[in-house]
1. Say we look at the range 26-60 and pick out the residues that are surrounded by 19 or more Cβ atoms within 10 Å (Cβ to Cβ) and among the small types (Gly, Ala, Ser); which of these is nearest to Thr128 (Cα to Cα)?
2. Sort out which residues of the range 151-166 are assigned to a loop (DSSP other than H, G, I, E, B), more than 30 Å from Lys35 (Cβ to Cβ) and touching a residue at least 24 places away in the same chain (Cβ under 8 Å), and write them in order of number.
3. Look through the range 137-159, keep the residues that are in contact with a helix residue (DSSP H, G or I) (Cβ under 9 Å, 6 or more places away or on another chain) and charged (D, E, K, R), and return whichever of them is nearest to Gly25 (Cα to Cα).
4. Inspect all residues belonging to the range 127-141 and state whether any of them is within 16 Å of Met66 (Cα to Cα) and either buried (at least 22 other Cβ atoms within 10 Å of the Cβ) or touching a Leu at 6+ places or on another chain (Cβ under 8 Å) (or both).
5. Restricting attention to the range 88-108, and to residues there that are part of a helix (DSSP H, G or I) and at pLDDT 95 or above, which single residue is surrounded by the most Cβ atoms within 10 Å (Cβ to Cβ)?
6. Hey, among Gly106, Gly146, which residue is among the small types (Gly, Ala, Ser) and more than 19 Å from Glu23 (Cα to Cα)?
7. Which ones in the range 11-31 are more than 20 Å from Asn167 (Cβ to Cβ), in contact with an Asp or Glu (Cβ under 9 Å, 6 or more places away or on another chain) and not β-branched (Val, Ile, Thr)?
8. Just one of Thr141, Thr126 is at negative phi, in a loop (DSSP other than H, G, I, E, B) and under 14 Å from the mean Cα position of the chain (by Cα); which is it?
Amino acid sequence: MDITNMNKEILLTKDEINMKVIEMGKLITEDYKGKKIVVISLLKGSFIFTADLIRNIDLPLVIEFMITSSYGHGHESSGEVKVIKDVDIDISEYDVLIVDDIIDSGNTMKNIYELLSSRNPKSLKTCTLLDKPSRRTVEFTADYTGFVIPDKFIVGYGLNYGDYYRNVDHIFAFVE
């Protein structure tokens with residue numbers, strides 16, 4: 001896809017994203033009161049969402065990171081999920097919340113959910129800012145979802161094309 005001459009269609013503004021992240025943080029705060037929580041952010045895409053989300057969770061928490069890859073530098077998922085960097089702690093003493101930027105095919109979240117579930121956390125839930133159910137190739141539904149979006153290739157707010165556009169404060173699609 002040659003993006004040099006393409007227009008942008010804004011799908012979610014900075015303010016819309018911010019309001020949803022605040023709402024999600026309040027809900028998670030209520031659901032996790034009295035629990036020992038570890039938030040596991042799936043890098044690289046979810047780092048901005050995770051940072052904003054945890055600032056809106058009014059509880060003590062531990063943050064961990066996993067680096068996964070299923071896209072490479074393209075705009076279609078390869079279907080193969082690779083764990084490039086795993087968490088550094090034993091999660092069996094924690095209530096775990098996996099955070100990702102988007103659930104598209106569902107492969108990444110399902111694979112990571114199954115992997116972390118096998119490590120016997122006290123509880124395990126999932127959170128995504130964006131859900132694109134029309135692209136699902138495996139059955140998976142997140143416990144917390146910000147927005148359900150149409151089948152468009154999107155970038156911004158942590159989502160990338162190649163290694164670019166993660167720093168954009170809104171979410172947009174390229175249109176011809």
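1. By that ranking, first place goes to Ser46.
2. Looking only at the range 151-166, we keep the residues that are assigned to a loop (DSSP other than H, G, I, E, B), and these are 151-153, 157-158, 160, 162-163, 165-166.
Imposing the further condition that a residue be more than 30 Å from Lys35 (Cβ to Cβ) reduces the set to 151-153, 160, 162-163, 165-166.
Result: Lys152, Phe153, Asn160, Gly162, Asp163, Arg166.
3. Asp143
4. For the range 127-141, residues within 16 Å of Met66 (Cα to Cα) and either buried (at least 22 other Cβ atoms within 10 Å of the Cβ) or touching a Leu at 6+ places or on another chain (Cβ under 8 Å) (or both): present.
5. Ranking the qualifying residues of the range 88-108, first place goes to Ile91.
6. Working: Gly146 fails: more than 19 Å from Glu23 (Cα to Cα).
Answer to the check: Gly106.
7. Taking the range 11-31 and keeping what is more than 20 Å from Asn167 (Cβ to Cβ), we get 19, 22-31.
Those still in the list that are in contact with an Asp or Glu (Cβ under 9 Å, 6 or more places away or on another chain) too: 22, 25-26, 29, 31.
The answer is Gly25, Lys26, Asp31.
8. Numbers: Thr126 fails: in a loop (DSSP other than H, G, I, E, B).
The match here is Thr141.
The values are calculated or read from the model by the stated rules, or taken from the named source; none is laboratory data. No experiment lies behind these values; they were computed from the predicted model shown. Neighbour counts run over all protein chains shown; Cβ positions are idealised from the backbone, glycine included.
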